[in-house]
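Q: Attaching a single structure in structure tokens format; questions to follow.
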Amino acid sequence: MEEVIKIEGGHSLRGTVRISGSKNATVALIPAAILGHGPVTICGVPNISDVESLSVLLKELDVEVVRKGEDILIIDPSHMSNKAMVQETVGKLRASYYFMGALLGKYGHVEMKMPGGCYLGPRPIDLHLKGFEALGATIQYEHGAYIIEANELVGTKIFLDIASVGATINIMMAAVYAKGRTTIENAAKEPEIIDVATLLNKMGAKIRGVGTNLITIDGVDRLDGCFHEIIPDRIEAATYLVLGAAAAEAVTVENIIPQHLESLISKLDEIGILMEIGIDYVKMLGRKEQLKAVDVQTLPYPGFATDIQQPLTALLTQAQGQSIVTETIYKERFKHCHELNKMGANINVMPPSAMINGGTPLAGCEVTATDLRCGACLVIAGLLAEGITTIREIYHIDRGYDNLDGKLTALGAKIWREQID
Ligand code: EPU
């Protein structure tokens, strides 16, 4: 038996949707919280399976985790112990790798098997490991697990060949207790990195320059607990903006930071979507006339996010003319295009680009969520399609979207879950 999502397309959406706390910030904040010696209270935690997986990993390290109310997580590492992280859960998500930086920083020793996550083409962690080595750690790979250790971590200059989100955060976590000053040059600038540094600074770290490509970390002796509220999820917000653009009569996406979404908002404007931009909301007001094809190139923040290109592709199947989407982050992140073609889209994939010949009607059929954002793309396509779309392998969607069915149902969508053989 497998649980699937079914969507009956063609219903227009109306109402207000509230965006949850950022998944990609949360999955780094939770491991960061173990760096201190007292309880960290995190507010705005989304209800997604990645958080459940990380909670399992915390408990196995003897960290106390309490979920309070709808969105509060209290993480108390006061009695934690450093154990090998080789269990199956590590392979369920990519963000397990943040325990590498956190445990190395706190204990000078970590043993962990390779983390999992969405397959988007090769996703090496060489830059994370090079950063740990530069701080003084040695790395061995034995029996399927990394053993990373250091007698002492010493601050140094680290230049990242690629502005990697994961490497920037992981090195920042490993360096908070390092002796002296660490600088990360060509650091990634994504808002989630700022959120993690904000938490660490509240705990007592001395991190400067986040949000620029030069981050400075001055090592400290002790970190304690604190209270932190997570930033809104810009990718979840983007998903609702795109589906609002695709299927809404009038939808307001609230509890967002519109500045985090500028590259998408300007693309939606170019496509012909009318919007009102508020301080913490965007209201979709309909469309100018026919949707226009556009070209998109994914880039590190503040460029167009790779995580948004998959949902946007569903909308571009309805734009007049040819749109070209070029991936510069994950050159093989196009599996969603093959699924869209099953529904009637006309997309030629020639990595690193996809040529979307828009204006073709979509028809519901059985498709597979091959990864998280492919799932989001197929939900949007299902809302647009005539008839019923069945989405398989929805555990990918549940890893990252808080109450997707509930939020869409409240907007007037016809979406439900079923068990199939
Ligand atoms: N890279 C390397 N070596 C490394 C690290 C990265 O070559 O050691 C390459 C990657 O292969 C990729 C590029 O650098 O081509 C950028 O990867 P990055 O490290 O920035 O990605 P990540 O940290 O693994 C996070 C998000 C992804 C998002 C990317 C890019 C989390 C848990 N994941 O991944 O989110 O696509 O940044 O913005 O924060 C998603 O939410 O669906 C998702 C996949």
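Q: How far, in nm, would the chain grow between residue 157 and residue 269 when pulled straight, counting 0.36 nm per residue and subtracting the alpha carbon separation?
A: Stretched out fully, the residue 157 to residue 269 stretch lengthens by 36.2 nm.
Q: For a distance above 16 Å, tell me the whole-number percent of Cα pairs in region 287-397 that qualify.
A: So the portion of pairs separated by more than 16 Å is 54 percent.
Q: Can I ask one more? Would you please give the residues with an amide H less than 5 Å from that of residue 231, counting only those at least 5 places away or on a separate chain, with H modeled from the backbone geometry?
A: Here the answer is 22, since their amide H atoms fall under 5 Å of that of residue 231.
Q: P(r) of the chain in 10 Å steps, Cα pairs, percent per bin?
A: Percent of Cα pairs in each bin: 5, 23, 31, 24, 14, 4, 0.
Q: Using a 1.4 angstrom probe on heavy atoms only, work out the carbon and sulfur share of the accessible area of region 229-293 in %.
A: The nonpolar share, carbon plus sulfur, comes to 45 percent.
Q: If you don't mind, there's one more thing I want to ask. So what is Rg over Rh here for region 319-375, counting just Cα atoms and using Kirkwood for Rh?
A: Expressed as Rg/Rh, it is 0.96.
Q: Here's something else I'd like to know. Can you pull the one-decimal nm distance between simple spin-label points at residue 355 and residue 262, each 7 Å off the Cα toward Cβ?
A: Between residue 355 and residue 262, the label points sit 3.3 nm apart.
Q: Still on this structure, please answer the following. For helix 23-32, report the angle its Cα long axis makes with the longest principal axis of the Cα atoms of the chain; keep it between 0 and 90° and round to the nearest 10°.
A: That helix lies at roughly 10 degrees to the long axis.
Q: Here's something else I'd like to know. In Å², what does the accessible area per residue of region 239-379 work out to with a 1.4 Å probe?
A: That works out to 37 Å² for each residue.
Q: Given the -39500 (n - 2.57) contribution per DSSP H run of 4+ residues, what per-residue ellipticity at 222 nm results for the chain, rounded to the nearest 500 deg cm²/dmol?
A: -9500 deg cm²/dmol
Q: Roll a 1.4 angstrom probe over the protein heavy atoms and tell me the percent of accessible area of region 21-65 that is carbon or sulfur.
A: The value for region 21-65 is 46 percent carbon and sulfur by accessible area.
Q: What ³J(HN,Hα) values, in whole Hz, does the Karplus curve 6.51 cos²θ - 1.76 cosθ + 1.60 give for region 391-407 when θ = phi - 60°, with x put for Gly and Pro?
A: Calculated HN-Hα couplings, in order: 10, 9, 6, 6, 4, 4, 5, 5, 5, x, 10, 6, 6, 3, 5, x, 5 Hz.
Q: Pulled fully out, how much extra length does the chain show between residue 212 and residue 417, if you take 0.36 nm times their separation in residues and subtract their Cα-Cα distance?
A: Net length gain for the segment: 69.5 nm.
Q: Most fluctuating residue of 84, 319, 32 in a GNM of the chain with Cα springs under 10 Å: which is it?
A: Of 84, 319, 32, the most mobile in the Gaussian network model is 84.
Q: Take every Cα pair under 8 Å in the chain that's 6+ residues apart, average their separations, divide by the length, and report that relative contact order as a whole percent.
A: Over the chain, the number comes to 21 percent.
Q: Using DSSP loop states and a limit of at most 13 other Cβ atoms within 10 Å to flag GluC sites (Glu not before Pro), what is the longest stretch of the chain containing no flagged site?
A: After excluding every exposed loop site, the longest remaining stretch is 153-288.
Q: With the crude spin-label approximation of a point 7 Å out along Cα→Cβ, what separation in nm comes out for residue 348 versus residue 87?
A: With each label placed 7 Å out from Cα toward Cβ, I get 5.0 nm.
Q: Provide, for q = 0.21, 0.24 Å⁻¹, the log10 of I(q)/I(0) from a solvent-free Debye sum over equal Cα point scatterers in region 1-69.
A: -0.96, -1.14
Q: Mind checking the dipole of region 278-392: about its Cα centre, +1 per Lys or Arg Cβ, -1 per Asp or Glu Cβ, Debye to the nearest 20?
A: Charge dipole, region 278-392, about its Cα centre: 100 debye, nearest 20.
Q: Still on this structure, I have one more. Residue by residue through region 230-239, which ³J(HN,Hα) values in whole Hz follow from phi under the Karplus form 6.51 cos²θ - 1.76 cosθ + 1.60 (θ = phi - 60°), with glycine and proline marked x?
A: 6, 5, x, 7, 6, 7, 4, 4, 4, 4
Q: For a quick check, take a GNM of the chain with Cα springs below 10 Å and name the residue from 188, 246, 363 with the largest mean-square fluctuation.
A: 363
Q: Now for a separate question. Calculate I(q)/I(0) for region 91-244 by the Debye formula, one identical point scatterer on each C-alpha and no solvent, and give its log10 at q = 0.10, 0.11, 0.14 Å⁻¹ to two decimals.
A: -0.35, -0.43, -0.69
Q: Where Lys and Arg each count +1 and Asp and Glu each count -1, what net charge lies around residue 6 among other residues with Cβ under 13 Å from its Cβ?
A: Within the 13 Å Cβ shell, the charges total -3.
Q: May I ask you to list the trypsin sites (Lys or Arg not before Pro) in region 201-305 that are in a DSSP loop and have at most 15 other Cβ atoms within 10 Å of their Cβ?
A: Those that pass, being in a loop and sparsely packed, are 222, 288.
Q: Also: I need the semi-axes of the equivalent ellipsoid of region 25-151: take the C-alpha gyration tensor, multiply each eigenvalue by 5, square-root it, list largest first in whole angstrom.
A: Taking √(5λ) for each eigenvalue gives 24, 17, 12 Å, largest first.
Q: Something else about it: Can you give the alpha-carbon Rg of region 183-255 over 2.2 N^0.38 Å, where N counts its residues?
A: For region 183-255, the normalised Cα radius of gyration comes out at 1.51.
Q: Could you tally the net charge around residue 267, taking each other residue with its Cβ under 13 Å from the Cβ of residue 267, Lys/Arg +1 and Asp/Glu -1?
A: -3
Q: Could you give the alpha-carbon Rg of region 171-315 over 2.2 N^0.38 Å, rounded to two decimals?
A: With N residues counted in region 171-315, Rg over 2.2 N^0.38 Å equals 1.27.
Q: If you roll a 1.4 angstrom probe over the protein chains with everything in place, what fraction of the accessible area of region 360-421 belongs to carbon and sulfur, to the nearest %?
A: With neighbouring chains kept in place, the figure for region 360-421 is 53 percent.
Q: Determine which residues of region 88-130 fall in the zone a paramagnetic label at residue 185 would reach in this model, i.e. backbone nitrogen under 15 Å from the point 7 Å along Cα→Cβ.
A: none
Q: What fraction of the DSSP beta bridges in the chain is antiparallel, stated in percent and rounded to the nearest 5?
A: 70 percent
Q: Okay, moving on. Give me the number: length gained by fully extending residue 250 to residue 326, i.e. 0.36 nm times residue separation minus the C-alpha to C-alpha distance, one decimal in nm.
A: 24.3 nm
Q: Using a simple spin-label model with points 7 Å from Cα along the Cα→Cβ vector, what separation in nm is obtained for residue 194 and residue 60?
A: 3.5 nm
Q: Another question, then. Once both axes come from the Cα atoms, what is the angle between helix 191-203 and the longest principal axis of the chain, in degrees from 0 to 90, rounded to 10?
A: 30 degrees
Q: Nearest 10 degrees, 0 to 90: what angle lies between the long axis of helix 49-60 and the longest principal axis of the chain (Cα atoms)?
A: Compared with the principal axis, the helix lies near 20 degrees.
The values are calculated or read from the model by the stated rules, or taken from the named source; none is laboratory data. Quantities reported herein were computed from a predicted structural model and do not represent experimental measurements. Ideal geometry is used to build each Cβ from the backbone, glycine not excepted, and the neighbour counts take in all protein chains shown. These area figures cover heavy atoms from the full protein model, side chains too; ligands, DNA and RNA do not enter into them. Shrake-Rupley method; radii C 1.70, N 1.55, O 1.52, S 1.80 Å.
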